[in-house]
Amino acid sequence: MNGKGAVIVKIFLAAISRLAQLFFAFFKIAPASFGGGYAMMPLIEREIVVKRQWFTEVEMADMLSMAGIAPGGVAVNAAALIGYRKAGITGAVAAIAGLTLPTFLIVISISYAYFYLRNEPKVEAALRGIHAAVIAMILMAAYRMAKISVFDISTACVMAAALFAMLLLHKNPLFVILFGLVIGLVIVRGKELVGLSVNTEKAGSSAKTMLEPEYYI
C-alpha cells in the first residue's frame, strides 16, 4: 500500500473510531436512565464533559439549552447536537442510534413483561420508587443548569419571572422561552448602551464541579 492509501485508511479508521465512541457513549447512558430526556441530562453531562472531556461545561450548557428549545425529545436533540459537533452528520446519526437503540429494545421487553406482571404488588412498589428517583434526577438537572445559567441579578430576575409565569400564571412554555430570548437581548443591548460590561456566561465555570457528590443521586 502506497503512502496515500495508508493515509486514507488511517483517516477512515479514525472516523470509524469517533463514530464508535459516540455510539457507545450514548448506548450506555440510555439503559441507566429513567424518566425521559431531562433525567438523562446529568448522565450525559458527566459522560461527555467529565469523563471524555469532549466539551467544556459551558459549551455543554449551551447545547443542552438548544436541545431544550428545539422540537422533539430533549435527549435525542442533545445527542444530535453533541454528535454533530464531534463528527458532523454521521456523528449525529451515531449518537442518536446509540441513545435510541437500547431504549427501543428495553421498552419492547418491559412492555411484554408488564403485560403479565402489571398487577403484582412488588412491581407497583418498584415503579413508585422509580418515580421518586426520576423527580430527583430532573431536579438535579435543573440545579446543574441553573448553576451555569444564573450568575447575576438580571439572569436571576429572568429565571424568577419565568417560574412565576409557568407555575402561577400557567403560561405556555413556548411563550416563556420567547420571553426569555427577548428579555435577554434587551438586557444585553441595554448594558451596552449605558457602558456596562456584558457577560453571557458564568466566570470561572469548570467541569471539575461536576464531580460533586450530588452527581451520584
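Quick check on this structure: which one of Thr103, Thr56 is at pLDDT below 80, touching a helix residue (DSSP H, G or I) at 6+ places or on another chain (Cβ under 7 Å) and hydroxyl-bearing (Ser, Thr, Tyr)? Even if it seems obvious, please write down each step before you answer.
Values: Thr56 fails: at pLDDT below 80.
Step by step, each of Thr103, Thr56 is checked, and only Thr103 is at pLDDT below 80, touching a helix residue (DSSP H, G or I) at 6+ places or on another chain (Cβ under 7 Å) and hydroxyl-bearing (Ser, Thr, Tyr).
Within segment 121-129, does at least one residue satisfy the condition of being in contact with a Lys or Arg (Cβ under 9 Å, 6 or more places away or on another chain), touching a residue at least 12 places away in the same chain (Cβ under 8 Å) and charged (D, E, K, R)?
Going through segment 121-129, the residues in contact with a Lys or Arg (Cβ under 9 Å, 6 or more places away or on another chain) turn out to be 124.
Narrowing further to those that are touching a residue at least 12 places away in the same chain (Cβ under 8 Å): none.
Among the residues of segment 121-129, not one is in contact with a Lys or Arg (Cβ under 9 Å, 6 or more places away or on another chain), touching a residue at least 12 places away in the same chain (Cβ under 8 Å) and charged (D, E, K, R), which makes the answer no.
I'd like to know if segment 31-39 contains one or more residues that are surrounded by fewer than 21 Cβ atoms within 10 Å (Cβ to Cβ), out of contact with any helix residue (DSSP H, G or I) (no Cβ under 6 Å at 6 or more places or on another chain) and assigned to a loop (DSSP other than H, G, I, E, B).
Taking every residue of segment 31-39 in turn, at least one turns out to be surrounded by fewer than 21 Cβ atoms within 10 Å (Cβ to Cβ), out of contact with any helix residue (DSSP H, G or I) (no Cβ under 6 Å at 6 or more places or on another chain) and assigned to a loop (DSSP other than H, G, I, E, B).
Taking Leu43 and the conditions (1) without any contact (Cβ under 8 Å) to a residue 60 or more places away in the chain; (2) farther than 30 Å from Ala156 by Cβ; (3) aliphatic (A, V, I, L, M), which numbered condition does it fall short on, given that it satisfies the others?
(2)
Within segment 43-59, track down each residue that is part of a helix (DSSP H, G or I) and β-branched (Val, Ile, Thr).
Keep residues of segment 43-59 that are part of a helix (DSSP H, G or I), which gives 43-51, 57-59.
Once the filter is applied, which keeps residues that are part of a helix (DSSP H, G or I) and β-branched (Val, Ile, Thr), segment 43-59 yields Ile44, Ile48, Val49, Val50, Val58.
Working only within segment 164-183, note down all residues that are within 16 Å of Ile69 (Cα to Cα) and open to solvent by 90 Å² or more (accessible area, probe 1.4 Å).
Listed by number, the residues that qualify are Lys171, Leu174, Phe175, Leu181.
Can you name every residue in segment 51-98 that is farther than 19 Å from Ile177 by Cβ, open to solvent by 30 Å² or more (accessible area, probe 1.4 Å) and touching a Leu at 6+ places or on another chain (Cβ under 8 Å)?
Passing the criteria: Lys86, Thr90.
Only one of these is part of a helix (DSSP H, G or I), open to solvent by 70 Å² or more (accessible area, probe 1.4 Å) and under 30 Å from Ser17 (Cβ atoms): Leu139, Leu105. Name it.
Numbers: Leu139 fails: under 30 Å from Ser17 (Cβ atoms).
Selected residue: Leu105, the only one of Leu139, Leu105 that is part of a helix (DSSP H, G or I), open to solvent by 70 Å² or more (accessible area, probe 1.4 Å) and under 30 Å from Ser17 (Cβ atoms).
Of all residues in segment 189-217, which are at pLDDT 85 or above and open to solvent by less than 50 Å² (accessible area, probe 1.4 Å)?
Passing the criteria: only Gly190.
Which of (1) closer than 30 Å to Val50 by Cβ; (2) modelled with pLDDT of 80 or more; (3) within 19 Å of the chain's Cα centre (by Cα) does Leu174 not meet, given it meets every other one?
Tallying (1) closer than 30 Å to Val50 by Cβ; (2) modelled with pLDDT of 80 or more; (3) within 19 Å of the chain's Cα centre (by Cα), Leu174 fails exactly one: (1).
The values are calculated or read from the model by the stated rules, or taken from the named source; none is laboratory data. Please read these numbers as outputs of a predicted model, since none were measured by experiment. With ideal geometry, Cβ positions are generated from the backbone for all residues, glycine too; neighbour counts draw on all protein chains shown. These accessible areas exclude ligands, DNA and RNA; they are computed on the full protein's heavy atoms, side chains included. Shrake-Rupley method; radii C 1.70, N 1.55, O 1.52, S 1.80 Å.
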